[in-house]
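The values are calculated or read from the model by the stated rules, or taken from the named source; none is laboratory data. Since we're looking at a predicted model, the values are computed, not measured. Ideal geometry is used to build each Cβ from the backbone, glycine not excepted, and the neighbour counts take in all protein chains shown.
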Ligand code: WTA
């Protein structure tokens with residue numbers, strides 16, 4: 001942190017970039033911020049009118065009568081799919097390539113806006129025929145594919161609220177989401193291809209539905225990706241290609257209120273159960289469009305590539321909605337960064353002449369390492385001259401990784417947008433604008449125009465620049481979370497806590513602003529949420545999973561810094577049958593890792609599992625996680641341990657790895 005705050009390298013946007021930028025220079029940025037400060041609702045109203053198609057225009061901008069349940073543009077009628085597809089047919093983009101699909105094995109499929117529109121309409125018609133209508137919820141459990149985008153857009157077209165579940169989640173995680181969201185249909189694929197291997201999807205859906213409480217699910221629609229051997233249940237399961245055959249290639253969109261829930265996306269919080277983050281249609285899409293323009297400076301000639309998965313919010317805003325709504329050509333990538341080798345990203349940029357590349361620091365760090373041991377996959381072996389802008393998302397990017405990205409991928413010529421945001425925020429919150437903001441490695445710099453981000457202390461009072469604190473947003477903004485699906489109370493408690501006065505949106509991250517520049521640097525989560533390879537994981541979620549194992553008596557999970565994945569999951573476990581040692585400990589650690597992988601998904605597997613006779617506890621029985629964090633890091637415990645019931649346990653846990 002010290003080192004980050006002393007970072008004094010500054011990189012100005014290249015002058016030829018500034019000339020043509022959507023926000024050309026700091027004066028233009030400041031003018032937008034001033035417009036928002038002067039007339040907040042007027043600012044958003046202007047942008048909403050200019051950027052979205054309204055079937056019926058809104059008359060009221062922001063409804064603040066029932067905070068924090070804010071409503072934006074509520075009496076306006078619109079449709080997300082219409083905005084993303086039909087508008088492009090009207091704007092002369094019908095024959096333009098919407099999606100370049102790069103399959104795991106390198107096979108390429110291009111889809112024009114006209115094709116995509118037709119496919120979405122056909123599938124939307126098929127969904128309607130099954131009785132799925134506006135307000136119904138549909139689970140999408142698919143990997144990266146054109147069909148995945150089609151499925152999301154088709155739901156949006158008929159007003160069905162989609163909930164995409166990342167293809168790496170287990171049957172149990174999938175079932176919990178199906179039940180919580182009350183889904184009546186599941187869209188999936190037979191299998192998914194990753195790194196040359198076929199992995200199951202449909203089998204997991206079958207398993208999830210068999211776990212119970214899923215009686216509401218009447219249809220399972222299956223995209224045939226591999227042709228692998230799967231079972232189809234008569235009366236419930238159908239093939240995507242069969243249900244669309246013969247359907248009309250046009251489909252009247254369902255005109256919905258701007259507040260209509262476009263999607264629910266589950267994410268981890270500090271308590272056990274994942275939260276269903278509910279997003280709106282109008283406000284959400286507006287921000288996806290504006291951030292494509294402001295942060296990504298999107299131009300008609302761009303080939304945009306966001307490497308995220310549609311199972312995460314980044315894939316929603318910057319694959320399914322934002323890029324299509326602005327009519328650009330985007331790459332949808334099925335594979336993994338290391339297959340067939342660690343040059344895959346660079347090769348794909350070269351092959352499709354990508355101009356904007358948006359990825360996560362974890363990927364960058366692992367490719368730095370790969371390039372350092374294998375010259376043949378070093379980015380200098382590839383022609384990356386098509387690139388003009390880079391982006392980073394999901395976790396803090398350390399200055400070394402930033403510099404490598406800047407020099408080796410962007411040839412010291414491409415600005416980097418280090419975008420701070422969250423599932424809950426719908427789109428970017430704090431990021432340099434590439435034609436305006438001077439960049440400092442490791443800092444996400446300044447809030448986007450209209451975003452009233454600030455840093456406060458524990459009582460909700462502003463802190464001066466240079467002192468760290470809690471990151472908040474002071475005013476509601478159009479793309480913010482509307483509620484936690486089915487749990488308004490939890491929504492209020494989690495994001496608008498009483499302690500901060502009840503009106504500030506609590507991001508859950510710590511931050512600090514530079515004394516001189518006012519630039520923000522994110523210092524990490526202030527709750528029990530870990531960020532592993534850019535994926536959010538709740539420690540409580542993993543703990544409840546571990547204690548659900550019949551062998552486990554007690555468990556505590558903490559994070560520790562990891563060079564590659566940002567944070568690593570570290571589990572301290574007490575077994576019912578006593579503390580194992582030697583090979584037994586190794587075997588049991590593996591067993592528990594696999595258990596977590598099976599119960600939640602491979603991304604939640606703890607990297608370290610340490611066994612003890614007990615956990616460090618206060619006399620009142622509270623587990624002292626801060627001590628476990630110190631041990632997990634491999635550091636000496638220097639804190640006061642006098643309140644500890646059983647200090648000797650620290651030594652034992654330290655030894656146990
Ligand atoms: C972290 C991903 C530092 C942060 C879009 C946040 C970041 C959480 C950055 C949200 C960044 C995301 N710099 N930290 N540029 N971007 N984070 O919901 O802790 O999966 O709260 O959304 O990731 O993760 P989520």
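Within segment 158-179, which residues are more than 20 Å from the chain's Cα centre (by Cα) and closer than 15 Å to residue 209 by Cα?
Scanning segment 158-179 gives 171, 172, 175, 179.
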Quiz item: Quick check: is even one residue across segment 544-553 in a strand (DSSP E or B) and in contact (Cβ under 8 Å) with a residue 24 or more places away in the chain?
Solution: yes
Exercise. Considering every residue within segment 527-539, establish whether at least one is buried (at least 17 other Cβ atoms within 10 Å of the Cβ), touching a residue at least 60 places away in the same chain (Cβ under 8 Å) and out of contact with any strand residue (DSSP E or B) (no Cβ under 9 Å at 6 or more places or on another chain).
Key: yes
Exercise. Please determine, by comparing only the residues of segment 392-416 that are within 9 Å of the ligand (Cβ to nearest atom) and outside any loop (DSSP other than H, G, I, E, B), which one is nearest to residue 529 (Cα to Cα).
Key: 393
Exercise. Kindly establish whether residue 450 is near the ligand (Cβ under 10 Å from one of its atoms), modelled with pLDDT of 95 or more and at positive phi.
Key: no
Practice problem: Output the number of the condition that residue 426 fails; it satisfies all remaining conditions of (1) within 26 Å of residue 266 (Cα to Cα); (2) away from the ligand (no atom under 16 Å from the Cβ); (3) crowded, with 24+ Cβ neighbours inside 10 Å. | Solution: (2)
Quiz item: Hey, residue 493 hits all of (1) in contact (Cβ under 8 Å) with a residue 60 or more places away in the chain; (2) more than 16 Å from the ligand (Cβ to nearest atom) but one; which does it fall short on?
Solution: (1)
Quiz item: For residue 105, which of the numbered conditions (1) more than 26 Å from the chain's Cα centre (by Cα); (2) touching a residue at least 40 places away in the same chain (Cβ under 8 Å) fails to hold?
Solution: (1)
Practice problem: Please tell me if residue 249 is touching a residue at least 12 places away in the same chain (Cβ under 8 Å), over 21 Å from residue 136 (Cβ atoms), in contact with a helix residue (DSSP H, G or I) (Cβ under 6 Å, 6 or more places away or on another chain) and surrounded by fewer than 19 Cβ atoms within 10 Å (Cβ to Cβ). | Solution: yes
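Under the condition of being over 21 Å from residue 275 (Cβ atoms) and surrounded by 17 or more Cβ atoms within 10 Å (Cβ to Cβ), which residue from segment 510-526 is farthest from the chain's Cα centre (by Cα)?
Here the residue is 514.
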Quiz item: Which residues, taken from segment 328-369, are farther than 13 Å from residue 102 by Cβ, assigned to a loop (DSSP other than H, G, I, E, B) and in contact with a helix residue (DSSP H, G or I) (Cβ under 6 Å, 6 or more places away or on another chain)?
Solution: 341, 342, 343
Practice problem: Check 568, 507 and return the single one that is surrounded by fewer than 23 Cβ atoms within 10 Å (Cβ to Cβ), at pLDDT 95 or above and within 16 Å of the ligand (Cβ to nearest atom). | Solution: 568
Quiz item: Do you know which residues across segment 208-237 are over 15 Å from residue 139 (Cα atoms) and assigned to a helix (DSSP H, G or I)?
Solution: 210
